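Bear in mind these aren't lab numbers, they're just calculated from the coordinates by the rules spelled out. As the structure is a prediction and not an experimental result, all values here were calculated from the model. Cβ atoms come from the backbone with ideal geometry, glycine included; neighbour counts cover every protein chain shown.
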Amino acid sequence: MNYATIKYCDIANGPGVRTSLFVSGCTHHCPNCFNSVAWDFAYGLPFTGQTEQQIIDSMTPFISGLSLLGGEPMEPENQPALLGFLHRFLAACPGKTVWCYSGYTWEELCGDQLSRCRTDITTSLLECIDVLVDGEYIEALHDITLRFRGSSNQRILDVRCSLEASAPVLWQDDPLYVRGRLC
């Protein structure tokens, strides 16, 4: 897997100050995507163990957690590298939250319908994520008043509660939200 960029001290992609990893590769090609340069799977730099360690090392006490963006983190080509990294990240950074932005919907990732993004490790990857912002960016639904998303079709989902309910559950905007809380 390649990555387009890493933003340290990011305040736009989840609550608090976060480290944001922008992976390379996306097949959605949403019109007026803010990061179309990352559509190419070969764009950027290889995501190595050294890169993983730099992200882990960035998790100082004032950093709330990690946000995964793209490109598209849930592309089948990106899932294996992210799953291994998130296992390492969660072991090294207890209490830090993981947010993921995906153009795929919850139903495509977990539902009964066939989807190119669902692999044998998709559920394991979702189990490492606290909050999923799902759905493609749709320019006609763009709304600058929305928090943590670009268009009104996108949802902010509590992944753990959604997995337990076997249905999408909206994230409650709670400043005390911590990994592992009860639904």
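Does anything in segment 1-16 have its amide N under 18 Å from the 7 Å Cα→Cβ label point of residue 92, and if so which residues?
In segment 1-16, the label zone of residue 92 (backbone N under 18 Å from the point 7 Å along Cα→Cβ) covers 1-10.
Based on DSSP H runs of at least 4 residues, each adding -39500 (n - 2.57), what is the mean residue ellipticity at 222 nm of the chain after dividing by all its residues, to the nearest 500 deg cm²/dmol?
Details: 5 runs with 40 residues, N = 183.
Computed ellipticity for the chain at 222 nm equals -6000 deg cm²/dmol.
Quick one: Karplus J couplings for segment 82-89, per residue in order, coefficients 6.51, -1.76, 1.60, θ = phi - 60°, nearest Hz, x for Gly and Pro?
With coefficients 6.51, -1.76 and 1.60, one gets 5, 4, x, 5, 5, 4, 5, 4 Hz.
Please compute the net charge surrounding residue 119, taking Lys and Arg as +1 and Asp and Glu as -1 over other residues with Cβ under 13 Å from its Cβ.
Overall, the nearby charge balance is -2.
Give me D for the chain in µm² s⁻¹, whole number, from Stokes-Einstein with Rh from the Kirkwood sum over alpha-carbon pairs, 25 °C and 0.890 mPa s.
150 µm²/s
Chymotrypsin sites (Phe, Trp or Tyr not before Pro) within segment 31-117: which are DSSP loop residues with at most 13 other Cβ atoms inside 10 Å?
When the chymotrypsin sites (Phe, Trp or Tyr not before Pro) of segment 31-117 are filtered for loop state and at most 13 Cβ neighbours within 10 Å, 34, 62 remain.
How high is the relative contact order of segment 2-165, given as a whole-number percent (alpha carbon pairs under 8 Å, six or more residues apart)?
20 percent
If the only charges are +1 at each Lys and Arg Cβ and -1 at each Asp and Glu Cβ, what is the size of the charge dipole of the chain around the Cα centre, to the nearest 20 debye?
So the magnitude is around 460 debye.
In nanometres, what is the gap between the two model label sites at residue 138 and residue 37, each 7 Å from Cα along Cα-to-Cβ?
Going by the 7 Å Cα→Cβ label model, 2.9 nm.
Among residues other than residue 153 whose Cβ falls under 12 Å from its Cβ, what is the net charge (Lys/Arg +1, Asp/Glu -1)?
Result for the neighbourhood of residue 153: -2.
When Lys and Arg each count +1 and Asp and Glu each count -1, what net charge do the other residues less than 13 Å away from residue 33, Cβ to Cβ, add up to?
Details: positive: none; negative: 40, 72, 136, 139.
Result for the local shell: -4.
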